[in-house]
1. Please find, among Cys227, Cys186, the residue that is within 30 Å of Leu18 (Cβ to Cβ) and either part of a strand (DSSP E or B) or out of contact with any Lys or Arg (no Cβ under 6 Å at 6 or more places or on another chain) (or both).
2. When the range 100-127 is examined, which residues are found to be assigned to a loop (DSSP other than H, G, I, E, B), surrounded by fewer than 20 Cβ atoms within 10 Å (Cβ to Cβ) and not basic (Lys, Arg)?
3. Right, Lys70: in contact with a strand residue (DSSP E or B) (Cβ under 8 Å, 6 or more places away or on another chain), modelled with pLDDT of 95 or more and either within 24 Å of Asp4 (Cα to Cα) or assigned to a strand (DSSP E or B) (or both) or not?
4. Run down Leu207, Leu173 and say which single residue is open to solvent by less than 10 Å² (accessible area, probe 1.4 Å) and either farther than 19 Å from Gly63 by Cα or acidic (Asp, Glu) (or both).
5. Quick one: which of Glu76, Glu156 is surrounded by fewer than 21 Cβ atoms within 10 Å (Cβ to Cβ) and touching a Lys or Arg at 6+ places or on another chain (Cβ under 9 Å)?
6. I'd like the full set of residues that are surrounded by 23 or more Cβ atoms within 10 Å (Cβ to Cβ) and more than 17 Å from the chain's Cα centre (by Cα), limited to the range 40-62.
7. When you look at Thr117, is it out of contact with any strand residue (DSSP E or B) (no Cβ under 8 Å at 6 or more places or on another chain), more than 15 Å from Ile205 (Cα to Cα) and either touching a residue at least 24 places away in the same chain (Cβ under 8 Å) or among the polar types (S, T, N, Q) (or both), yes or no?
Amino acid sequence: MDNDFELTIIQVIKKYGLLENKKHSKSLGQHFLCDNSLLDKIVSCALPFGNSTLVEIGPGPCGLTRSIIKFAKGNEIICIEKDESLKPVHENIKRNTVADIKFIYGDALKIKLKDLTDKKITIISNLPYNVGTKILLNWLYDLNKINQMVLMFQKEVAERIYAKEGTKDYGRLSVISQLLCDVEKCFDVSRLAFIPPPKVESTVIKLIPKADRPFDIRNLERLTAICFQHRRKTIFSILKKIYPDIISKVLNACAIDPLSRPENISPQKFWELSETMTKLFI
């Protein structure tokens, strides 16, 4: 019986002809990371796993999956793949490992984490570039199930997630991510580490849900959407058109300088602003 564990990832890609339909691969955002040391480095960022279930999105030829298997010590592993043509690759992995692993075929944007397992989840994934932000936002609203996330993004997206106030990359995604999670940059990954090479560099980041995070951020979402549409205007000029009678009082109560721009207001201050405005309208 053939065993893909005896092959390199590049050999697996060639064996199954995974690069033959380039248009198909591009539509799914498929870029395969083949460097074993980098794959191990990604997984090691999530150690220790504890008793959590390990979830990977888009296992593809199973390069990252192999590293997850290597570090897992009895942890259940669940891989979610949209491309069903990869089933032969995944079936080979299942046949040739004693790991507790299963593959689910479907759109990760439509799969709810609570339906996967009763345990807490550690997500380790090289996210498809074309849907990475959407997937992350889905998970940020399901943090009760998540122990931690170690994720690879397009570098410019990662920079928006961990950017600090006062920097050019700071925005709505920064505010929401950092209010809900402790966010840490792990390392950058060269585009040349992938087959086929993407046009951009990548970055691995780690997100750990905060114990004291807010659980309903719908009002904050609306507030940050409004504010960062006009990021170069002052917070006072942005909000006075919507809340002319209360904005001075609210900004003063939150100790926010009315001349501050959205890009200079911290996630915590945005949360205080959102909460104060909500209470005034109840």
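1. Cys186
2. The answer is Asp100, Gly106, Asp107, Leu109, Ile111, Leu116, Thr117, Asp118.
3. no
4. Just a single option satisfies the conditions, and that option is Leu207.
5. Details: Glu156 fails: touching a Lys or Arg at 6+ places or on another chain (Cβ under 9 Å).
Residue meeting the stated conditions: Glu76.
6. The answer is Gly60, Pro61, Cys62.
7. Numbers: out of contact with any strand residue (DSSP E or B) (no Cβ under 8 Å at 6 or more places or on another chain): no; more than 15 Å from Ile205 (Cα to Cα): yes; either touching a residue at least 24 places away in the same chain (Cβ under 8 Å) or among the polar types (S, T, N, Q) (or both): yes.
No: the conditions fail for Thr117.
The values are calculated or read from the model by the stated rules, or taken from the named source; none is laboratory data. Values in this document were obtained by computation on a predicted structure and should not be read as measured data. Glycine gets a Cβ as well: all are built from the backbone with ideal geometry, and neighbour counts include every protein chain shown. Please note that ligands, DNA and RNA were not included when accessible areas were found on the heavy atoms of the full protein model with its side chains. Shrake-Rupley method; radii C 1.70, N 1.55, O 1.52, S 1.80 Å.
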